[in-house]
1. Between copies, how far does the label point of residue A:93 sit from its twins, in nm, shortest first, when each point is 7 Å from Cα along Cα→Cβ?
2. Convex hull over the Cα atoms of region B:37-177, averaged projected area in nm²?
3. Can you compute the modelled spin-label distance between residue B:156 and residue A:72, with each label point 7 Å from Cα toward Cβ, in nm?
4. Roughly how compact is region A:195-292, stated as its Cα Rg over 2.2 N^0.38 Å to two decimals?
5. Say R0 is 41 Å: what FRET efficiency, to the nearest 0.05, do residue B:280 and residue A:171 get from their beta-carbon distance?
6. Counting other C-beta atoms within 10 Å, which of A:143, A:226 has the fewest, and how do the rest follow?
7. For residue A:136, enumerate residues with amide H under 5 Å from its amide H, sequence gap 5+ or separate chain, H modeled in the peptide plane.
8. If you plug each phi of region A:131-136 into the Karplus form 6.51 cos²θ - 1.76 cosθ + 1.60 with θ = phi - 60°, what whole-Hz ³J(HN,Hα) values come out, in order, with x for Gly and Pro?
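Taken together, the values in this text are just the output of simple stated rules run on the coordinates, not laboratory data. Computed from a prediction, not measured in an experiment: that's the story for all the values here. Neighbour counts run over all protein chains shown; Cβ positions are idealised from the backbone, glycine included.
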Number of protein chains: 2
Amino acid sequence: MTSAVPTTVRIREVGPRDGLQGESPLSVTDRVRLIEALAATGVADIEAVAFVSPRAVPAMAQAGDVLAALPRRPGVRYWALVPNVRGAELALAAAVDGLTVTVSASEAYSGKNVAMSVQESVAEAGRIAARAGSVAVNAVISCAFGSPFEGDIEASVVEGLAGQLLDGGANTITLADTTGMATPSRIDALLIATGNAVGLHLHDTRGTALLNAYVALGRGLSQFDCAVGGLGGSPFAPGAGGNLATEDLVYLLDELGVETGVDLRSVLDASALVAALVGHPVPSRVAQAGPRRSGHAVV
Amino acid sequence: MTSAVPTTVRIREVGPRDGLQGESPLSVTDRVRLIEALAATGVADIEAVAFVSPRAVPAMAQAGDVLAALPRRPGVRYWALVPNVRGAELALAAAVDGLTVTVSASEAYSGKNVAMSVQESVAEAGRIAARAGSVAVNAVISCAFGSPFEGDIEASVVEGLAGQLLDGGANTITLADTTGMATPSRIDALLIATGNAVGLHLHDTRGTALLNAYVALGRGLSQFDCAVGGLGGSPFAPGAGGNLATEDLVYLLDELGVETGVDLRSVLDASALVAALVGHPVPSRVAQAGPRRSGHAVV
């Protein structure tokens with residue numbers, strides 16, 4: 001590990017949104033319960049809902065009801081994913097702290113995910129940012145590390161999109177590995193192209209999410225999305241696979257001595273809760289095995 | 001990644017032994033079929049069998065029958081794990097190319113695994129090496145990165161054991177992370193202590209096997225055990241978890257441009273075979289998703 005490793009990493013918890021979007025819908029009460037459990041971990045940013053079509057993504061219905069029922073904790077910023085201006089207006093009316101907008105580096109995925117071309121999507125992100133006022137706007141570039149449809153995407157294309165989105169009013173950029181195609185060399189190439197001023201959103205489709213996070217850390221990256229339990233994946237990307245699990249990243253960062261402000265035991269509690277709510281085990285192996293010092297029984 | 005990354009990595013495939021030992025027993029014919037499929041991947045070393053008590057490890061029974069039925073391919077060395085001199089004699093009679101002996105860095109695990117103290121086990125390894133003649137002896141130090149019973153093991157203890165084993169006639173040393181307790185800092189500490197002149201045998205209990213392999217590669221390590229499909233784990237170590245999957249390591253090494261002589265497609269074929277033989281999906285995510293360039297369908 002080089003000396004570039006940051007002393008502090010900021011985690012954005014996307015479990016209530018990306019983690020749940022492919023699951024059978026949970027009740028508003030249970031979604032609030034999960035968000036509350038995550039707020040109790042110490043994480044400062046939670047992507048709590050998406051204002052998307054309930055027909056397209058049934059698990060994300062009732063976003064406004066979730067936000068209305070959710071006590072806002074000081075020190076926590078609650079985010080909503082919004083695909084268009086109409087979604088942004090609903091999210092702003094529900095008093096979110098931040099808007100996530102997504103633009104794909106892949107034309108094919110863009111068409112399937114939001115029924116817009118990439119450039120139409122960039123323009124819509126600009127309109128959302130104009131509407132957002134002082135509310136933070138994070139632009140996520142999906143398929144940044146490769147597309148299941150077109151294969152590799154040139155780093156210069158991703159860099160160009162990032163520049164357009166910032167010019168259009170986005171405050172921050174996140175590069176998303178939507179289908180787990182990132183590799184150490186792709187991480188290097190994209191972070192060099194974007195000047196490292198981005199966050200990462202990694203998926204574990206090929207078991208490489210934690211490794212890719214480690215490579216990015218070694219380049220000084222300090223902003224990561226992850227989802228409790230490692231649930232998740234786009235319903236519109238074949239074989240997307242789960243998100244980098246929050247407990248897996250926090251476990252690694254704890255071992256590396258990197259501060260997150262997030263308590264691993266509390267994440268494991270939230271992970272156990274989400275497993276109970278969705279009714280199946282979560283992919284995270286730290287959730288299954290416990291941290292290395294937690295002790296298997298000494299027998 | 002530093003410039004220390006080796007240009008070539010040597011893989012020892014331990015799927016037929018470590019991968020199968022916790023599964024329901026397969027027939028001799030199916031075990032030979034698996035070993036043959038693995039030999040066809042281009043891998044130069046295969047741990048094919050263990051000469052252990054069939055009462056303790058039913059899946060490893062009939063080791064002699066497997067070796068008798070196995071065509072020996074040129075360029076492939078076939079290894080047997082042996083817990084004692086009696087096992088070594090049976091393995092040598094069956095004309096293996098190498099003997100794997102295990103010594104644990106954990107007294108508690110040693111007692112459970114082989115019913116010997118660590119030093120009794122070191123002495124037995126010496127007797128095995130004396131019997132082996134020109135046949136290679138690899139000594140595996142289990143629980144080298146931590147024990148589920150005692151917690152962390154001092155690097156100096158592992159270094160001391162490695163020295164004793166080499167003095168006792170072992171040709172090579174492998175450090176085993178039996179229950180997935182390795183972390184980047186433990187990898188660093190152990191490789192510094194042992195002068196890097198070791199192989200690694202990693203388990204994915206906490207989802208860190210590939211990351212730990214990557215860290216070791218960055219230190220110049222070039223010898224790895226792995227098991228097709230990521231099956232495996234000691235029946236005597238609680239929560240051991242599967243081995244580093246061969247396809248996951250080869251996928252990473254291919255992406256890093258490191259030569260292995262092992263064909264990923266052939267490993268995936270062997271992985272599909274072992275999944276069919278054991279009757280359940282394997283843990284490897286590359287096996288489930290395919291390599292990044294393999295293509296999800298372009299739809």
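1. 8.3
2. 8.5 nm²
3. Going by the 7 Å Cα→Cβ label model, 5.7 nm.
4. Its radius of gyration relative to the 2.2 N^0.38 Å reference: 1.05.
5. 0.30
6. Result, fewest neighbours first: A:143, A:226.
7. For residue A:136, the qualifying residues are A:99.
8. 6, 6, x, 8, 6, 5
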